[in-house]
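Throughout, read-outs are computed from the coordinates displayed, never taken from laboratory work. Because the structure is a prediction, the values reported are computed rather than measured. Using ideal geometry, Cβ is built from the backbone for each residue, glycine included, and neighbour counts are taken over all protein chains shown.
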Amino acid sequence: MGAWKAGEISYLKANRAACALCGHPIAIRYWGAEVEGVEQTFCSPEHERLYHDYWLPRYGEQSHGAKEASDGP
Amino acid sequence: MTTTTTFDPVSLTMVDNYLTSCCRDMGVTMMTTAYSPIFNESLDFSCVIFDPEGNMLAQAEFCPSQIGTIKFTVAWTIEELGLEAFEEGDVVLHNDPYRGSGHVPEHMLLKPVFWEGRIVAFVANVAHMSEVGAKTPGGLSGDATEVYQEGLLLPPVKIKRRGDDVDDVWKIILSNHRTPRVTLGDFRAMMGSLDMAERRLHTLIGDYGLDFFLATSGELMAIAERRMRAEIEAIPDGTYTFTDAIEDDGITDRAYPIELSLTIGGGEVIADFTGSAPQAVGPVNAIYAVTASAIYNAFLHLTDPTIPRNEGCYRPFTIIAPPGTIVNCSFPAPVAGGNTETSPRITDMVFGALQDAIPERVAASCGGTSSPFLFGGTDPRTDEPYAHFHFEGVGWGGRRGLDGNNMVVTINGNCRNTPVEVFETRYPAFRIDSYRLVPDSGGPGEFRGGLGGERIFTVTVPEVTVSALLNRMKTEPWGVLGGGEGAVGGLWVRRAGIGEWRTFVEEFGTMSPSKFSGVTLRTGDQVKILMPGGGGYGDPARRDPAAVRRDVEEGFVSEEAARTVYGSEG
């Protein structure tokens, strides 16, 4: 069961959180939900649902992002 | 107990048209009062009205690549500052790509609209400033390796507080831009546009009441969502894929593939870019908002143009763009060309993916580059610095029933090029020697791709600094459903007194022939820009022979191509 949570805007940190499904950068408010015992950050409950219904069936538990990218020709 | 409000269609249409025309007038205000040709001529801006939660209520049909970016920029701004931070008369400025903006030159201004002491809407515009304090004049440095080289980054900051200029912030901006007088003039045009929109909203609410405004604008978003979902439901369910690439990044000579998987079903679209290349070293990276914007743009082309253009249009879409890739790069990667080059590539890819599903609606690839050619220096007539971002058009892809447009600025921009007369009178740097369509540059097809063009100009001042960030110089714009490829573009220089055209790689040692910055040209040097054509639609053998004859008569297709490609008997 997830919940709406609030992070902080920091001008001292370069790394910013992103939605675990879509990759959209999170400003402050996010939907936090536990997936396989790990808290994940989502834009919304809808994106948590899609993470289960779309993402996991296609890509399993691999983390997505550059790791998934090809090296190109 | 629940209550149901019934909206009459006349009122809904009136409010939708009122808000949209208000956004259009915002643009006209900017076009007519700004100092830069990128506002006056190229119209590289967008104008939008939002509700207090950051939902888009209306927009005008200016620059499609900014549709998504302004949505994300405004949402970030409201979230970061908080509604309680806004006071009547405030104006907030924001251009930071890693906080939702598109790329550094695009500056968003946001103004709250108050009614009886509460915020009832926001009016906003986003515009491409022609000078932003980047490593070279005009920004868009084709060989930048960090966003810091692309200009002054401004997170959400107030430039007006309760109607008064915040002088400290203005000092920072104007001392970082090479052309402060022009920057100030363009910002004043943007602020005038916001003031006009604020007055219009006050008139609407004063005439019809706040409850009416809030209720109808909410219902318009619901209508747009229902209609967009219905349009998507008309596309056969399934997963459609397409791959294309950005041909180099200005720093390394390698291509960056983009992988798109579109899953359509239940009135929704999932656009998944998993598998796309890692982010580039050079400035061809898109940030999330740009990628989302390109998807929205594609579907606005494919669906009913009468759907109200508001937040509801975008609700059926989920865009999955893995962080650290060319479609959602991570800080501090350079991003200038994501908005001008990668964005049109993504929009075209949607058409490529759906060519078999909805062949009656898609188009072949357009020339796919905004053709940014930037220059700056000091005007010898006034001793004042100048900088300019020059667009060129490209051929657009053929589509069922129509050939592609000739030499129109690429699909993400809806912008216009700088007319020759303006180019020559506003800037002392160049004389235009020729400007023409290029025969046979449109991809062959039952419906031919639009023609690319060629512009040659001569340097007329002792020294001018030029930069470029062009694509489709190596890989052709593709056709669909049997159509052929459009011609690639090119960029060359001919030094004064030397007879041959050479690439910038050959003459100046740039890594890329079309992405570089800070090259100095001198009096008598010439530049030739060749813009790509569009891809063709359908088998060229099916082209109407009369259309082929007309193409030959108009010089669009050579007699040889008519014979060998189209089988014309003459």
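Points to keep in mind about this one:
- Taking the stretch B:22-110 as the region of interest, the strands (runs of 3 or more DSSP E) fully inside it that hold 1 or more residues being polar (S, T, N, Q) and either away from chain A (no Cβ under 14 Å) or within 14 Å of the chain's Cα centre (by Cα) (or both) are B:45-50, B:56-59.
- B:V126 vs. criteria more than 14 Å from chain A (Cβ to nearest Cβ), touching a residue at least 24 places away in the same chain (Cβ under 8 Å) and assigned to a strand (DSSP E or B): yes
- Count of residues meeting criterion [in a helix (DSSP H, G or I) and over 19 Å from B:S365 (Cβ atoms)] in the stretch B:511-560: 14
- When we screen B:T347, B:T252, B:T291, B:T340 for residues that are in contact (Cβ under 8 Å) with a residue 12 or more places away in the chain and farther than 22 Å from B:S141 by Cβ, the only hit is B:T347.
- In the stretch A:1-23, the residues that are without any contact (Cβ under 8 Å) to a residue 12 or more places away in the chain form Cβ pairs under 9 Å with partners that are surrounded by fewer than 10 Cβ atoms within 10 Å (Cβ to Cβ) and assigned to a loop (DSSP other than H, G, I, E, B), at six or more places apart or across chains, as follows: A:R16/A:S10.
- Selection within the stretch B:60-76 - of a type in the set (F, W, Y) and within 12 Å of B:Y288 (Cα to Cα): B:F72
- Any hit, the stretch B:490-510, residues being in a loop (DSSP other than H, G, I, E, B) and within 30 Å of B:L402 (Cα to Cα): no
- Taken as a whole, the structure places B:A197 among residues that are surrounded by 18 or more Cβ atoms within 10 Å (Cβ to Cβ), in contact with a Cys (Cβ under 9 Å, 6 or more places away or on another chain) and part of a helix (DSSP H, G or I).
- Residue within the stretch B:382-396 that is of a type in the set (F, W, Y), touching a residue at least 12 places away in the same chain (Cβ under 8 Å) and within 14 Å of chain A (Cβ to nearest Cβ) present: no
- Under the condition of being more than 10 Å from chain B (Cβ to nearest Cβ), part of a strand (DSSP E or B) and under 19 Å from B:P156 (Cβ atoms), the residues counted in the stretch A:7-56 number 1.
- Of residues in the stretch B:208-226 being over 9 Å from B:F7 (Cβ atoms) and among the hydroxyl-bearing types (S, T, Y), the one nearest to the chain's Cα centre (by Cα): B:S217
- B:S101 vs. criteria in contact (Cβ under 8 Å) with a residue 60 or more places away in the chain and of a type in the set (S, T, N, Q): yes
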